[in-house]
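The values are calculated or read from the model by the stated rules, or taken from the named source; none is laboratory data. In this text, all values refer to a predicted model and were calculated from it rather than measured experimentally. Backbone-built Cβ (ideal geometry, glycine too); neighbour counts: all protein chains shown. Ligands, DNA and RNA are excluded from the accessible area calculation, which covers all protein heavy atoms including side chains. Shrake-Rupley method; radii C 1.70, N 1.55, O 1.52, S 1.80 Å.
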Amino acid sequence: MIVEEIMNTEPYTLAPHNTVREALKLMRDKKVRHVPVVNEELHVVGVITERDIKEALPSSLQDEPPNTAILQEQIANIMIKNPLLGHPLDFVEEVALTFYESKIGCLPIVSGGQLVGIVTTTDLLYTYIELTGATEPGSKIEIRVTDTPGVLFEVTKIFHEHHMNVQSVLVYPDAENAQNKILSIRVKTLNPLAMIEDLRQQGFDVLWPNLPGVSSS
């Protein structure tokens, strides 16, 4: 999946000469926390966030009198200059890694030097939820497997034998043993008991659901 599939293509923007008061009003009215700052050519020159404003104000936003001097300041004085930028053809996984490593809350998306969209942590969260199939009826099964070629095929073959659709597959390290992996598989059924029984009979270590009275292999 690439960024242009999940980005907001009509982001609200501000200019460097806009005041802190104007930025605060925009964020409150539109219920956003991150706003790209662009010049007349739509080149991104900064980002202003709710946190930037809170840190600039001497006390809470609600308690500030309307004539507070900082509210008259241009956002160019407090915005994040030279922010990280993304491209519409970037992979979502790469963008998510940028968010994680750089601890940012938004990423302006630029093409041809101009702003064409924005991605936020909320966009990434919604995308993750959709990719995992969590919004659809189903069941999650977690299985500890040895990290060897073909093991995923052996597991999904059992699902195939039960005529079961797989909604998503996540693979992550086993905290207890570096030689193993944990498969988190979401299947389109509300009753996976027969599959779990077959998985255990064929030697797979089913971690979840951990059925009462049934021990893992």
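Hey, rough spin-label estimate for Ala76 and Thr148, points 7 angstrom out along Cα→Cβ, what's it come to in nanometres?
6.6
Could you pull out the trypsin sites (Lys or Arg not before Pro) across region 1-104 that fall in loop regions by DSSP (anything but H, G, I, E, B) with no more than 13 other Cβ atoms inside 10 Å?
Answer in residue order: Lys31, Lys103.
Sort Ile80, Ile6, Ile75 from largest to smallest accessible area, using a 1.4 Å probe on the heavy atoms of the protein chains.
Final ranking, largest accessible area leading: Ile80, Ile6, Ile75.
Please list log₁₀ I(q)/I(0) at q = 0.18 Å⁻¹ for region 3-129, using the Debye equation with identical point scatterers on the alpha-carbon positions.
-0.94
Taking 45 Å as R0, compute the FRET efficiency from the Cβ-Cβ separation of Gln179 and Ala56 and round it to 0.05.
About 0.30, to the nearest 0.05.
Protein chains only, probe 1.4 Å: how do Glu50, Glu142, Glu136 rank by accessible area, largest first?
Working: Glu50 65, Glu142 30, Glu136 90 Å².
From most exposed to least exposed: Glu136, Glu50, Glu142.
Expressed as a whole percent, how much of the Cα-Cα distance distribution for the chain exceeds 21 Å?
Numbers: 15189 of 23436 pairs.
Roughly 65 percent, rounded to a whole number.
Taking N as the number of residues in region 90-204, what is its Cα Rg relative to 2.2 N^0.38 Å?
1.36
Just to be sure I understand: of the beta bridges DSSP finds with both ends in the chain, what percent are antiparallel, rounded to 5?
So the antiparallel bridges amount to about 95 percent of the total.
Using a Cα distance threshold of under 22 Å, what count of lysine pairs results for region 3-129 when pairs must be 8 or more residues apart or interchain?
8
Go from 0 up to the bin containing the longest alpha carbon distance in region 6-62, width 5 Å each, and give me the % of pairs per bin.
P(r) for region 6-62, in whole percents per bin: 4, 18, 31, 25, 15, 6, 2, 0.
Using helices alone, what [θ] at 222 nm do you get for the chain, with -39,500 (n - 2.57) per DSSP H run of 4 or more residues, divided over all residues and rounded to the nearest 500?
Values: 6 runs with 60 residues, N = 217.
Computed ellipticity for the chain at 222 nm equals -8000 deg cm²/dmol.
Highest mean first, what order results for 34-44, 89-99, 149-159 on Cβ atoms within 10 Å?
34-44, 89-99, 149-159
Per residue, how much accessible surface does region 71-139 expose to a 1.4 Å probe? Answer in Å², no decimals.
58
Quick one, can you get me the convex hull of the C-alpha atoms of region 137-208 expressed as volume per residue in Å³?
Values: hull volume 5.9 nm³, N = 72.
Value for region 137-208: 81 Å³ per residue.
If R0 is 30 Å, what FRET efficiency do you get for Glu130 and Lys25 from their C-beta distance, rounded to 0.05?
Rounded to the nearest 0.05, the efficiency is 0.40.
Given a Förster distance of 30 angstrom, what is the FRET efficiency for Trp208 paired with Glu93, based on the Cβ-Cβ distance and rounded to 0.05? Provide the component values of the computation, followed by the final result.
Working: r = 25 Å, r/R0 = 0.83.
About 0.75, to the nearest 0.05.
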